[in-house]
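The values are calculated or read from the model by the stated rules, or taken from the named source; none is laboratory data. Bear in mind that the values here come from a model prediction, so they are computed numbers and not experimental data. FYI the Cβ positions are ideal-geometry reconstructions off the backbone, even for glycines, and counts take in every protein chain you see. Remember, those area values only see protein heavy atoms, side chains included, never the ligands or the DNA or RNA. Shrake-Rupley method; radii C 1.70, N 1.55, O 1.52, S 1.80 Å.
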Amino acid sequence: MAINCLRGVPKFPFPTKPKRSTTNTHFFFFSSSSRKISLLVSTSPTCSFSPMSYDKDLAAAKKAASLAANLCQKVQKALLQSDVHSKSDKSPVTVADYGSQAIVSYVLEKELPTESFLLVAEEDSGDLRKENGQETVQRITELVNDTLVVEECYTAAALSTEDVLRAIDSGKSEGGSSGRHWVLDPIDGTKGFLRGDQYAIALALLDEGKVVLGVLACPNLPLTSFGANKQHSSESSNDKIGCLFFAKVGEGTYMQSLDGSSPIKVHISAIENPEEASFFESFEAAHSLHDLSSAIAKKLGVKAPPVRIDSQAKYGALSRGDGAIYLRFPHKGYREKIWDHAAGSIVVTEAGGVVTDAAGNPLDFSKGKYLDLDTGIIVTNQKLMPSLLKAVRESIQEKVSSL
């Protein structure tokens, strides 16, 4: 897959009228009849950012995420047992996670050399620098160089293992409310990646604590509608797969294929009756309380079973009208990280959606690596939000009372 260098990236005709923007979330309802209706409503104040000021940043982000997706696809097609490791919290990490982070860090610094570069990212090189990590580092370095070779402007010299380790460690920023911070999840949905299912490379830019652009590369997501009657595994679909979603504050959300087709503007569903919908939720029960989601769906009268897929691919599918509601309720004690929601939130809100916590508060990305939330995250359109919030409050209260 060849991707043009930044200077050759075409400029797409975005609308100039500024929109109002919102924040982000995790649970998700589908309707086959609602994709053609646009909803360009939001609940947060009009933003003060100039969309034109992020053109170069967005082009660089699209390029970085697309190259990282290329690397991840190579690894997923021929995944080796030695490519998978366990972090200190027992969660899996692969050479693709590290390679993706190195690619994104390297490309952003190359394409935006005049900007002060701060990156909040999930991985670091600590385990790789240990004596037993040398073979893994070499594998990652080869993957990174093989991926960058498609870019003529990056072929002057191959990166060394130390170059790659430094690129991975660029992601040590803590974020915050001042300055510009890139936010990256190099593979959101690593367990889905390992199963051959959905995952995403999720990249966003914060400016003074606000999300101003986001890119989601979803290598296994079909380009066509992803509804309740379709399987979530890429292997079971004849549809062309590989989507790139991108959004910039005030300019809407666009989708194109990962191989570079012309982008199309997308909009969230405007469905008003939840009984006609089905919903998305996290594939892993450990990532969300499925019983609470089921109770909420029952209160709303939803009849279809949930569609469970991994990663922020759910945000992308929601942004193009595949569904109407997405909820995420982590287990007690879990703290949401900003890289799990920053890119997805702006992709949904610029498509006309609303993203809040379970109490209806906007998500705040200005407090560092973590989101301070009330119970969980909710994504829907403005028409459904009142009834959804009511069902959420009642279901949570009932759950607490039963304990």
Give me the extension gain from L80 to S261: residue separation times 0.36 nm, minus the current Cα-Cα distance, reported in nm with one decimal. 62.0 nm
If you rank Y334, Y106, Y154 by how much accessible surface each has, with a 1.4 Å probe, what is the order from largest down? Y334, Y106, Y154
What nm value, rounded to one decimal, do you get for the distance between E162 and K240 when each label is placed 7 Å out toward the C-beta? 4.5
Calculate the FRET efficiency for D372 and E152 from the Cβ-Cβ distance with a Förster distance of 35 Å, rounded to the nearest 0.05. 0.20
If you plug each phi of segment 62-72 into the Karplus form 6.51 cos²θ - 1.76 cosθ + 1.60 with θ = phi - 60°, what whole-Hz ³J(HN,Hα) values come out, in order, with x for Gly and Pro? 4, 5, 5, 5, 5, 5, 4, 5, 4, 4, 5
Based on the Cβ-Cβ distance from R195 to Q397, what FRET efficiency comes out when R0 is 35 Å, to the nearest 0.05? 0.50
Ignoring ligands and nucleic acids, T161 exposes an accessible area, probe 1.4 Å, in Å² to the nearest 10, of 50
Nonlocal amide H pairs with A277, under 5 Å, H built at 1.01 Å: K303
When the chain is fully extended, how far beyond the present Cα-Cα distance does N361 get from E208, taking 0.36 nm per residue of separation? 53.2 nm
Prolate/oblate/rounded call for segment 296-402, Cα gyration tensor, a/c under 1.5 rounded: oblate
Hey, what did segment 94-184 get for relative contact order, percent, Cα under 8 Å, at least 6 apart? 49
Going by amide H atoms built from the backbone, whose H comes under 5 Å of the H on G323, apart from near neighbours? S31, S269
Express in whole angstrom the spacing between the alpha-carbon centres of segment 343-390 and segment 140-188. 30
